Amino acid sequence: MFQASLCPVLFNALQLVRGCITAGRPEPTAVEEVSAEQIFADVTRDLIGLHEVLTVDEVTDSVPVPGGDERVREPSINK
């Protein structure tokens, strides 16, 4: 069940990346000309390489928290 729900999420993420790649090119390029399969293979290879070089703790420590720590807390309930 989890895999079935993850597939559309991955598909949509790849479509977004394809659009960003084509928008960032200096020459006009159709989205269909960029291979989603190749993007997926590249990202897979890059993530495997990342985890071969760094531990999970090193990876999570290197990712910044958006907005800083003060914004990441439980919301207060106003009564």
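The values are calculated or read from the model by the stated rules, or taken from the named source; none is laboratory data. Keep in mind the model is a prediction, meaning the values are calculated, not measured. Cβ coordinates were reconstructed from backbone atoms using ideal geometry, including for glycine residues, and neighbour counts include every protein chain displayed. Areas reflect the complete protein model, heavy atoms only, side chains present, ligands, DNA and RNA absent. Shrake-Rupley method; radii C 1.70, N 1.55, O 1.52, S 1.80 Å.
When segment 14-37 is filtered for residues that are within 24 Å of Val59 (Cα to Cα) and open to solvent by 50 Å² or more (accessible area, probe 1.4 Å), the ones remaining, listed by number, are Leu16, Val17. Only residues that are loosely packed, with under 10 Cβ neighbours inside 10 Å and aliphatic (A, V, I, L, M) were counted in segment 1-13, giving 3.
Given segment 1-63, what helices (runs of 4 or more DSSP H) lie entirely inside it while holding 3 or more residues that are acidic (Asp, Glu)? Where helices (runs of 4 or more DSSP H) fall fully within segment 1-63 and carry at least 3 residues being acidic (Asp, Glu), they are 36-53, 56-62.
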